[in-house]
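Heads up: the structure comes next, in structure tokens.
Each value in this text was obtained by applying a stated rule to the coordinates, not by laboratory testing. Because the structure is a prediction, the values reported are computed rather than measured. Every residue, glycine among them, receives a Cβ derived from its backbone with ideal geometry; neighbour counts consider all protein chains shown.
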Amino acid sequence: GESRPLPSALWSGLSALDRYALGKVASKARAERIAAAYAEIVGASVLSTHLSPSGAVRMVDVGAKNSTLRRAVAESFVSMGPEAFARLDGASAGKGDVLATARIAGIQAAKRTSDLIPLCHAIGITHVSVEIELEPSARRAHVLCTVETFDRTGVEMEALCAASVAALTVYDMLKAYDRSMELGPTRLLSKSGGRSGDYSR
């Protein structure tokens, strides 16, 4: 009921034993036992799959999910002044090949996302693409990252990490020419696969 909601995503995320226990208690229709079972099994989880019934932070259990093809695309931007952009465009930065280094950094970031974001799962990435296009009229670099996997959970965070770190690497390699460069927006453009369905900005 409204006082004890069970969204479908939360219900499907519970273990089979938890679902059985809730169903069994609910069938007896004893209000105090239903309240106790709900508090113990669901609790604060109704608000977040990253919260345990006691309210503690936890990693979501994805063991019961089916592995499917999942894909995410994210982007970021690095805006800069004339000298920094000229160095980037002319491949004359003192630190070396900015674009190649940023691409490698983005790929590495996608692979290391679970080390950086505490509640992310370590998953088997099957493909990472980091593309960087220069936009002379805006004096900025456009970073576009695509990540794919065949796994139990999505790769939105991997794509966002890749875009962020690639943009940060552009900044690092050009900061000698412009420390006022601006990063962003960094955002998810699309994702596909998984129980939550597809998303497109």
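Extension gain for residue 198-residue 69 works out to 45.3 nm (0.36 nm per residue, less the C-alpha to C-alpha distance).
Projected label points at residue 32 and residue 97, each 7 Å from Cα along the beta carbon direction, are separated by 7.3 nanometres. Under a straight-distance cross-link criterion of Cα-Cα below 16 Å, which lysines are reachable from residue 95, leaving out those fewer than 8 residues away in the same chain? Correct list for residue 95: 175.
Site pair residue 187 and residue 24 shows an inter-label distance of 4.9 nm when each label is modelled 7 Å from Cα along Cα→Cβ.
Stretching the chain fully between residue 122 and residue 40 yields a gain of 26.7 nm (0.36 nm per residue, less the alpha carbon separation). With both labels modelled 7 Å from their Cα along Cα-to-Cβ, the residue 138 to residue 176 distance reads 2.8 nm. Which aspartates and glutamates, if any, have their Cα less than 18 Å from the Cα of residue 24, not counting same-chain residues under 8 positions apart? The reachable aspartates and glutamates, counting only those whose Cα sits under 18 Å from residue 24, are 32, 40.
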